[in-house]
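Each remark here refers to the structure printed beneath this line.
The values are calculated or read from the model by the stated rules, or taken from the named source; none is laboratory data. Just so it is clear, the structure is predicted and the values come from calculations on it, not from any experiment. Here Cβ is always computed from backbone atoms with ideal geometry, including for glycine, and neighbour counts include all displayed protein chains.
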Amino acid sequence: MLGTLIPLFDDKMQVKAYSIFAQKKNVYLNPISIGTAWLDGAGRVLGLDIVESMGMKTLAEDKMVFVELSHVTIFADIDSMYTGPHGRLALLFDPLVVPTEMYIERLKELKAKGYCLAIRKLPVKQFEEYKEILSLVDFVFLDHKKIDIAKAKIYFNKVYPNVNLVAVNVNSQEDFDMLTADGGYRYYEGSFFRIPASKEESEVSPLKTTYVELLSVVNDPDFDLDVAADVIGHDTALVISLLGMVNRMTVNSGISTVRHAAAMLGQKELKRWINTAVTKELCADKPSEITRLSLLRARFAENLAPLFGMENMSSELFLMGLFSVLDVILDTPMAQALEMVKVSKAISDAVLTNSGKLAPVLDFMIYYESADWQEVSRQMILNDIQDEKVYEAYTDALVWFRDLFYSDVK
């Protein structure tokens, strides 16, 4: 099984919901599954497995989560697979759920239970045919590249004023600017959100300068613990976090200085903690999705290391994932941002020019994040990687992220 989270954002670029896209099998090893995956485990809604194992709070806090249903799994016992609040779960289906009495009654039943409903890939020519279903749904996903968006908005505002529109395939700044200028959409989805905007000139704030200095120190091959501790001492939040971490590791440690705390951790653990903690601080004034993306990529890349035959490079893969959106975090062109933190050439090559030994792992993660299952499947075959190992690597990253931010949620 494969599964990933796709963010949906508003006109202010704030993430407001997630879609969970899942697939049962490798589409190249099991080509029949492309059209008939619902025959294998038809009673299970794959996306709900992720929701239940991670917890709704971990996945989206107070946001909505969209989960795909097929024309078969729409009749599954959803209540037994999902124990969270019904109003935060949107059941997403396509035109294979046809406007017949059987499906309409099922949708009414789900609606009565408080679930939200959403439909995607519905051609304009079928709007009238699907009017009974459209009267029940809360969200309609529209591909702005395939329809006359102005006419579509007029149609929905007039006929279905309570329906929220979601624009998909928003893949450029021009698309986003055009759509937000015209208005009418509740959410947007597309690779545009995951493409960082570069700036020719940017200044790093004084506080961020301290963090960047710290990253630069610890990413030297053999950094000095005392130097790192002294830089940590410039920021109260980092000192509190460091002392809290060390105190959890030891009993009656009697730590009296930041240098003492750093020595208790040791070089390897201090470097790992700093790269994670500092990235969180650098992301503090960014949308939370940037923090999530950076940290999930770090752990996911580390977990993928043995699958790509790179066990001895897991630490570098962790940093590659962590810094893959460093330009967004620092509001600085990537080349300049990487120079600030003194990463290795292997990391720089992968992130900056998509070259070198680490690049295939970054490529794989980006395809996985975008739910490009055909390309993910192709790469798994080329690297002799099993589906379940990739799924375990990704879900472990979600659990790690959960424990990092939501220690009270298990």
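For L242, are the conditions met, namely being assigned to a helix (DSSP H, G or I), under 29 Å from the mean Cα position of the chain (by Cα) and either modelled with pLDDT of 80 or more or not assigned by TED's automatic domain parsing to the domain that holds D327 (or both)?
Working: assigned to a helix (DSSP H, G or I): yes; under 29 Å from the mean Cα position of the chain (by Cα): yes; either modelled with pLDDT of 80 or more or not assigned by TED's automatic domain parsing to the domain that holds D327 (or both): no.
Answer is no for this residue.
Six or more apart or on different chains, Cβ under 7 Å: which pairs go from a residue in segment 2-13 that's assigned by TED's automatic domain parsing to the domain that holds R88 to one that's part of a loop (DSSP other than H, G, I, E, B) and acidic (D, E)? Could you list them?
These pairs meet every condition: I6/E189; L8/E189.
Within segment 354-405, how many residues are touching a residue at least 40 places away in the same chain (Cβ under 8 Å) and of a type outside the set (A, V, I, L, M, F, W, C)?
Adding up the residues that qualify gives 18.
Table: residues versus (1) surrounded by fewer than 20 Cβ atoms within 10 Å (Cβ to Cβ); (2) over 18 Å from the mean Cα position of the chain (by Cα).
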{"site": "L326", "(1), (2)": "no, no"}
{"site": "T332", "(1), (2)": "no, yes"}
{"site": "V341", "(1), (2)": "no, yes"}
{"site": "I347", "(1), (2)": "no, yes"}
{"site": "L358", "(1), (2)": "no, yes"}
{"site": "D363", "(1), (2)": "yes, no"}
{"site": "Y368", "(1), (2)": "no, no"}
{"site": "V376", "(1), (2)": "no, no"}
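Output the residues belonging to segment 351-389 that are closer than 12 Å to L307 by Cα and of a type outside the set (A, V, I, L, M).
To start, the set of residues in segment 351-389 that are closer than 12 Å to L307 by Cα comprises 360-361, 364, 379-389.
P360, F364, Q379, N383, D384, Q386, D387, E388, K389 - these are the residues of segment 351-389 that are closer than 12 Å to L307 by Cα and of a type outside the set (A, V, I, L, M).
Would you mention how many residues in segment 133-158 are more than 19 Å from K108 (Cβ to Cβ) and part of a helix (DSSP H, G or I)?
Filtering segment 133-158 down to residues more than 19 Å from K108 (Cβ to Cβ) leaves 141-158.
Right, trim to part of a helix (DSSP H, G or I) and you get 149-158.
Residues meeting the conditions: 10.
May I ask you to say which residue of L322, L338 is aliphatic (A, V, I, L, M) and more than 27 Å from D387 (Cβ to Cβ)?
Numbers: L322 fails: more than 27 Å from D387 (Cβ to Cβ).
Criteria check complete, one pass: L338.
State which residue is modelled with the highest pLDDT when the search covers only segment 172-203 and only residues that are within 13 Å of I6 (Cβ to Cβ) and in a loop (DSSP other than H, G, I, E, B).
In the first step, residues of segment 172-203 are kept if they are within 13 Å of I6 (Cβ to Cβ); the result is 187-194.
Within this subset, residues satisfying the condition of being in a loop (DSSP other than H, G, I, E, B) are 189-190.
On the way: E189: 90, G190: 85.
In this case the residue turns out to be E189.
May I ask you to list the residues in segment 126-156 that are modelled with pLDDT of 90 or more, farther than 22 Å from Y18 by Cβ and of a type outside the set (F, W, Y)?
The answer is Q126, E128, E129, K131, E132, I133, L134, S135, L136.
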